[in-house]
Amino acid sequence: MIRVCILGATGSIGVSTLDVIKQHAHQFKVVALTANQDVERLFQQCVEFLPSYAVMADAAAAEQLAARLAHFDEITVLSGVEGLKHVASLPEVDTVMAAIVGGAGLLPTLAAAQAGKRVLLANKEALVMSGQLFLDAVHQHGAQLLPIDSEHNAIFQCMPASFTQHGVKNLTAVGVSRILLTASGGPFRNYPLEQLGSVTPEQACNHPKWKMGRKISVDSATMMNKGLEVIEACWLFNTPPERIEVLIHPQSVIHSMVEYVDGSTLAQLGNPDMRTPIAHALAFPERMTSGVARLNLLEIAKLEFEPMDFARFPCLRLAYEAMQAGGTTTAILNAANEIAVEAFLAGKLRFTAIAELIEQTLSRLNGRAANTLEIILEDDTRARQLAEELLTTL
Ligand SMILES: NC(=O)c1ccc[n+]([C@@H]2O[C@H](COP(=O)([O-])OP(=O)(O)OC[C@H]3O[C@@H](n4cnc5c(N)ncnc54)[C@H](OP(=O)(O)O)[C@@H]3O)[C@@H](O)[C@H]2O)c1
């Protein structure tokens with residue numbers, strides 16, 4: 001029996017994770033479920049899965065949930081970051097699905113690593129912010145990191161056994177030459193450039209291939225999601241950014257590829273449904289069903305590729321530059337992006353000003369060595385404050 005904690009249970013990844021777990025109820029026990037404010041959905045999930053713990057990050061929401069669960073003596077309701085960290089490190093938990101959106105996921109995800117859990121990482125922002133510090137925690141505490149992002153999960157599946165099973169981290173030594181990260185191109189791949197400034201949040205969230213939360217949907221439209229993924233891949237696969245190439249692949253069937261020195265390129269293919277990487281990581285190193293339909297290549301018929309358009313998607317360039325700069329620069333990039341996306345979704349910022357706000361924040365705030373969590377969180381806060389100030393000028 002694998003005992004699971006799901007951080008961000010009410011979100012798109014959380015719901016897909018519970019869907020996969022439900023298909024294998026005899027193999028998994030849900031120990032803890034968490035959310036921020038969605039009391040109704042977490043309540044329904046608690047009634048169905050009967051976890052030992054339910055956590056709402058928001059204190060008022062936790063009070064409401066506790067009242068709704070008053071007759072469920074076996075469920076303890078906690079709140080706040082401390083509650084999230086507590087359930088992520090419970091001794092009775094083996095696997096933590098890290099699926100909180102944004103920087104809010106850093107502390108609970110790090111707590112899971114520090115408690116030596118198997119961490120299924122969807123919350124890419126945590127790794128983008130803390131990079132080496134996070135990996136050090138994984139190594140020091142004997143945790144295991146398995147990628148959930150479909151691209152990173154695909155890359156992981158295409159890596160040699162020396163990497164996935166024996167922990168050899170030097171990819172050059174095991175014959176890997178490059179990583180090819182695919183991107184669908186999002187809703188604005190062919191949209192007239194001069195009209196991008198006036199697109200609405202609804203248009204930006206209308207992804208052609210994936211159904212996701214609103215923040216990652218906007219990130220996919222600006223291509224910042226791909227930028228965060230490049231940074232995530234650098235850390236997960238110990239690879240410099242110049243050895244990661246982003247390719248546009250509109251069908252979203254090849255989820256990414258690994259190129260070897262002998263001329264082989266290995267790809268992982270599948271229908272665009274997050275239950276595949278979730279099932280892969282939950283069952284690793286075994287395999288289990290996910291509920292995802294079999295891939296029908298005859299129906300798809302064509303797989304196309306296009307070079308990345310950096311002029312259309314300046315956020316991707318900013319992410320590459322931030323990774324090259326190193327230190328807390330990627331945390332600054334992430335923080336400015338979160339402020340920009342929130343403002344765009346609230347109708348306070350033009351779509352094209354998202355990249356402008358991030359670039360201006362990066363140009364005014366220098367990154368520094370990301371040696372401690374305090375430094376990272378300090379620069380995250382400074383970047384958020386500066387980005388909020390700059391918002392009024394755009
Ligand atoms: N969706 C995908 O297909 C996909 C694919 C690859 C990677 N990812 C990554 O997975 C993560 C989750 O994405 P998603 O699309 O599932 O997001 P989502 O649908 O917006 O769900 C986010 C989850 O995080 C919770 N949350 C939000 N703010 C929080 C806070 N301050 N403290 C604690 N919990 C908080 C939400 O609770 P409430 O419901 O109460 O707000 C919800 O449970 C992101 O990092 C994303 O980049 C997602």
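Any read-out appearing in this document is the output of simple, stated calculations on the displayed coordinates, not a laboratory observation. Remember, predicted model here, so these are calculated numbers, not experimental data. For neighbour counting, all protein chains shown are included, and Cβ atoms are generated from backbone atoms with ideal geometry for every residue, glycine included.
Can you list the lysines whose alpha carbon is less than 26 Å from that of Lys22, not counting same-chain residues fewer than 8 positions off? Reachable lysines: Lys85, Lys117, Lys124, Lys209, Lys211. When each of the peptides 201-210, 55-64 is scored by how many other beta carbons lie within 10 Å of its residues on average, the order from highest to lowest is 55-64, 201-210. Bridge orientation summary for the chain: considering DSSP beta bridges with both residues in this region, about 25 percent are antiparallel.
Restricted to Cα atoms, segment 65-191 shows a radius of gyration and a Dmax of 17.8, 58 angstrom.
Cα-based values for the chain, radius of gyration first and Dmax second, are 20.2, 62 Å. Per-residue ellipticity at 222 nm, computed for the chain from helices alone with -39500 (n - 2.57) per DSSP H run of at least four residues, works out to -13500 deg cm²/dmol. Placing +1 on each Lys and Arg Cβ and -1 on each Asp and Glu Cβ, with no other charges, gives the chain a dipole about its Cα centre of roughly 500 debye. In the chain, a dipole from Cβ-located charges (positive for Lys and Arg, negative for Asp and Glu) runs towards its positive end, and of Thr393, Pro187, Val292 it is Val292 whose Cα lies farthest in that direction. When the Cα atoms of segment 121-221 are aligned to their principal axes, the ranges along those axes come out at 49, 28, 21 Å in descending order.
Relative to the current alpha-carbon distance between Lys348 and Tyr191, full extension at 0.36 nm per residue lengthens the span by 54.4 nm.
Ordered by the count of other Cβ atoms within 10 Å of each Cβ, fewest first, Ser363, Ser150 give Ser363, Ser150. Largest first and in whole Å, the equivalent-ellipsoid semi-axes of segment 153-289 read 29, 18, 12, each the square root of five times a Cα gyration tensor eigenvalue.
Between Gln203 and Glu304, the FRET efficiency from the beta-carbon distance, with R0 = 22 Å, is close to 0.45.
For Thr372, Thr76, Thr328, the sequence from fewest to most other C-beta atoms within 10 Å is Thr372, Thr76, Thr328. Please give the net charge around Cys205, taking every other residue with its beta carbon less than 14 angstrom from that of Cys205, where Lys and Arg add +1 and Asp and Glu add -1. Local charge sum for Cys205: +1.
Kindly put Lys215, Lys124 in sequence by how many other C-beta atoms sit within 10 Å of each C-beta, fewest to most.
So the ranking, lowest neighbour count to highest, is Lys215, Lys124.
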